[in-house]
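This report concerns only the one structure given below.
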Amino acid sequence: MKKRSLTPTRIIFGILSVLIMAAVFYLSCDNSDESSEKSGLFTDLIVQHFIKGFADFTSGKQAEIRESVSFIVRKCAHFSAYAALGFCTSCAVGKRKLLSVGSLVSWGICILYACSDELHQYFVPGRSCELRDVMIDSAGALVGMLLSLAAMAVLFRKEQK
C-alpha cells in the first residue's frame, strides 16, 4: 500500500472536516423549538420571496405552505452540511480513485458521523433519531466526495500539463 504524505492542504481539509462536525453537533444540541426557529428564518425568507401572493393566502394556507417548505429546508440543510463534510473528508484523504479504500474511509466517516448525530438528537428534547436523515446525510456526503474527486482530477490534470 502506497503511503501518502501529509500535505498542508490535507491538514487544512482535515481541520475543516472537524469544524463542520463541530457545527453539526452544535446545531443538533438545539431543542425542537430552537431548531424550528432557526430553520423558520430561511423558510420565511423563501416563502415571502418565491411564492407569489403568499401574504394574501389565508393563515391556514400560509401555515400549510410554511410546513411543507420547512421540511424541504431542513432536509436540504442536512444534505448540504454533509455534502460539505464529504467534500472536506475526501480532500483530507487526498488524491485517489473513486473505488478505493480511501474513498470508502472518507464516506464511512461521514456515515458514522451521521449515525452518531442522529443518536445524539434522540437525547435532545423534542428531537428524534431518524433513519431518513441518515440516508439524506449519507447521500449528501457521497455527492460532496464525488465533487471533490472531480475537482482533484481537474486540478491534477492541469498540474501534469
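Apply 1/(1 + (r/R0)^6) to the Cβ-Cβ distance of LEU27 and ALA63, taking R0 = 25 Å, and write down the FRET efficiency to the nearest 0.05.
About 0.55, to the nearest 0.05.
Stretch CYS76-VAL143 to full length: gain in nm at 0.36 nm per residue minus the Cα-Cα span?
On the way: separation 67, 0.36 × 67 = 24.12 nm, distance 1.29 nm.
Between CYS76 and VAL143, full extension yields an extra 22.8 nm.
From the backbone phi of region 74-85, what are the Karplus-calculated ³J(HN,Hα) couplings (6.51 cos²θ - 1.76 cosθ + 1.60, θ = phi - 60°) in whole Hz, Gly and Pro given as x?
5, 6, 5, 5, 4, 4, 5, 4, 7, 5, 5, 5
Give me a comma-separated list of calculated 3J(HN,Hα) values for region 148-154, in order, Karplus coefficients 6.51, -1.76, 1.60 applied at θ = phi - 60°, integers in Hz, x for any Gly or Pro.
5, 5, 5, 5, 5, 4, 5
Roughly how many nanometres apart are two label points built 7 Å out from the Cα toward the Cβ at ALA55 and SER36?
Label-label distance for ALA55 and SER36, simple model: 2.6 nm.
So if we plug the beta-carbon distance of GLN48 and ALA150 into 1/(1 + (r/R0)^6) with R0 = 22 Å, what FRET efficiency do we get, rounded to 0.05?
0.05
Determine ³J(HN,Hα), in whole Hz, for all residues of region 108-124 in sequence, where each value follows from phi through the Karplus function 6.51 cos²θ - 1.76 cosθ + 1.60 and θ = phi - 60°; x replaces Gly and Pro.
x, 4, 5, 5, 4, 5, 4, 5, 5, 5, 5, 4, 4, 5, 4, 9, 9
No value in this document is a laboratory result; all are computed from the given coordinates. Everything quoted here is computed from the prediction, not taken from an experiment. Quick reminder, even Gly has a Cβ in these numbers, built from the backbone with ideal geometry, and neighbours come from all protein chains shown.
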